[in-house]
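Worksheet for the structure shown next.
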Amino acid sequence: MTESRPDPAPHPITGQLFRSPVPPGSGWPQDPATPATAVAKDGRDVQRIAVACTEVAEVDAAVSVCRACPRLVQWREDVARTRRAAFADQPYWGRPVPGFGAQQPRVLVVGLAPAAHGANRTGRMFTGDRSGEWLYAALYRAGFADRERTEHAGDGLTLHQMRIVAPVRCAPPQNAPTAQEKATCAPWLDRELAFAAPGLRSILALGQIGWTTTLAAARRGGWSVPRPRPAFGHAAQALLATPDGSPVRLVGSYHVSQQNTFTGRLTERMLDAAIALL
Ligand code: SF4
């Protein structure tokens, strides 16, 4: 039997009707964009618009309407229209996912990319899938999040002195962005890192890609980064310095993907131990 996919469909918290993907500025909780937000259509646009942003809220807005990677735009929007049966009655965000949390954080979390039926559905980093359940429960235990469970944007979740970002902002097929897609998306992360630098004390890199991407972004931004490049590992640490010389501790953690949490490669205790280093 074919599941119906109502379009528009009601947001699970607010009840407001949305088409999938969600039009910018149409009322989705915490949508940073408006219909007038400039849309990046290729890598040069991403670079130009990111550099022109004067505050992190502008980066959030510009990221959330970006269309620079044709394969990812097609994929994220196809997923939003077809949806998983379990979420057939919900609208899907279907747009790039902006950073979430404090605008001037003490701690930055760097993940990989949105999940097709998680953040690509809810519009918020790590929200709506098992990876997010693990991460936010751990952040709650450590005092960074004000609640243990969260399922949808608009539920009031607040992060204390923490911001979550990703090297790639669109859900990729098989969770595997290409090298070119990572390079195209990099200026968004570079700009966020620059805005976060004053007052930043530590960065949690989730997985090898989060680790290497953070080191590369820091180097591009004029930070001091150890050579040779520090090796990734769970609870690995490296000391970086912002362009003004302020120290920032980089901490590695195995990613909170189900591949790691289901198999026991990453346990709650291990994740708590890595977060305790921040
Ligand atoms: Fe834009 Fe990044 Fe999404 Fe590519 S992955 S379309 S650069 S937001």
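FYI, it's all coordinate maths here, none of it is from the lab. Values in this document were obtained by computation on a predicted structure and should not be read as measured data. Methodologically, a virtual Cβ is constructed for each residue, glycine included, from the backbone with ideal geometry; neighbour enumeration extends over all protein chains shown.
Using a basic spin-label model with each label point 7 Å from the Cα along Cα→Cβ, how many nm lie between R81 and A176? About 2.5 nm separates the two model spin labels. Contact order, relative form, for the chain: 17 percent (alpha carbon pairs under 8 Å, 6 or more residues apart, mean separation divided by residue count). You can think of it this way: the chain between V39 and V51 has 2.9 nm of extra reach, that is 0.36 nm per residue less the Cα-Cα gap.
Here segment 49-124 is treated with +1 on each Lys and Arg Cβ and -1 on each Asp and Glu Cβ, and its dipole about the Cα centre works out to around 280 debye. Put a plus charge on the Cβ of each Lys and Arg, a minus charge on the Cβ of each Asp and Glu, and nothing anywhere else: the dipole of segment 184-252 about its Cα centre is then about 160 debye.
Counting only DSSP beta bridges whose two residues both lie in segment 9-275, roughly 45 percent are antiparallel. Quick check: from the Cα gyration tensor, does segment 200-278 come out rounded (a/c under 1.5), prolate or oblate? It is prolate, given that a/c is not under 1.5 and a/b is the larger ratio. Segment 30-102 and segment 127-148 have Cα centres lying 23 Å from one another.
Its relative contact order, with pairs defined as Cα atoms under 8 Å and 6+ residues apart, puts segment 131-267 at 19 percent.
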